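Note sheet for the following structure.
The values are calculated or read from the model by the stated rules, or taken from the named source; none is laboratory data. Keep in mind that what you see is a predicted model, and the values were worked out from it rather than measured. Counting neighbours? That spans all protein chains shown, and the Cβs are built from the backbone with ideal geometry, glycine included. Note: areas computed on protein heavy atoms with side chains; ligands, DNA, RNA excluded. Shrake-Rupley method; radii C 1.70, N 1.55, O 1.52, S 1.80 Å.
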Amino acid sequence: ITIYETIGVKDGIRCKIARAYMQKAISLNNMNKLEDSFDFFYVAYNIFDAVKSDDSVAEEAYTAYMLATLANVLRISIDYWQILSNGLSCMALLLYHSRGWDDISWLMERILGYMESLVSLPEWEDKKDMYIFHREEFNRYLKRRKS
C-alpha cells in the first residue's frame, strides 16, 4: 500500500503531500541524485493523477515530464506514452481553458517533443496520428495567443 492510499480522501491533503514529495524530488534532482529523485517524482505523479483537481493539473503535467525525463536518463522501463499523454492532457486543460498558465506553455512543447521522439520508433508508430493532432492543436493555440 502506498502512502497516498492511507491518508484519507481529502484532495487538499493529498495535494499538499504530493507537493512535499515534488519539492523533495526537485531538491534531489538539483543535487544530481537522479534515482532518488525519480522515486519521489513517481509518488508525487501518482498522487496528482489520482486527485485530478484544478490545483493539481499543472503539477501533474510537470511531474509527468520529469518522470519521463528521468526514466529515460536512468533507462527505467515505464510506459512513456501513458505518462506523457496524462501530462499532455493536463497541459491542454490548462492552456485551452485559460487558467492563467500561459507562461508554462514551454512544458507542452517539451512533452510534445518527447512524443515526437517516441513516434519515430516502430513500437509507437500507431500513436503518430495522436501526436500530429496534439501538435496541430498546440500550434493553433499559439497562433490564437499571438493575435
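If you take the beta carbon distance between E125 and I104 as r and set R0 to 25 Å, what does 1/(1 + (r/R0)^6) give as a FRET efficiency, to the nearest 0.05? That gives a FRET efficiency of 0.25.
Pairs of Cα atoms in segment 34-147 fall into 10 Å distance bins, from 0 up to the last occupied one, in shares of 14, 46, 33, 7, 0 percent.
Modelled spin-label separation between K33 and Y141, with each label point placed 7 Å from Cα along the Cα-to-Cβ direction: 3.4 nm.
Counting only protein heavy atoms and a 1.4 Å probe, the chain has 56 square angstrom of accessible area per residue. Surface listing: E59, E136 arranged by accessible area from highest to lowest gives E136, E59, probe 1.4 Å. If contacts are Cα pairs under 8 angstrom and at least 6 residues apart, what is the relative contact order of the chain in percent? Relative contact order, the chain: 16 percent.
The share of accessible area on segment 80-147 that comes from carbon and sulfur is 53 percent, using a 1.4 angstrom probe.
Using the rule -39500 (n - 2.57) for each DSSP H run of four or more residues, divided by the residues of the chain, the 222 nm mean residue ellipticity is -24500 deg cm²/dmol. Helix 11-30 and the longest principal axis of the C-alpha atoms of the chain enclose an angle of approximately 80°.
With axes computed from alpha carbons, what is the tilt in degrees of helix 57-74 against the longest principal axis of the chain, rounded to the nearest 10 within 0 to 90? Compared with the principal axis, the helix lies near 90 degrees. For the chain, the longest principal axis of the alpha carbon atoms and the long axis of helix 128-146 meet at an angle near 80°.
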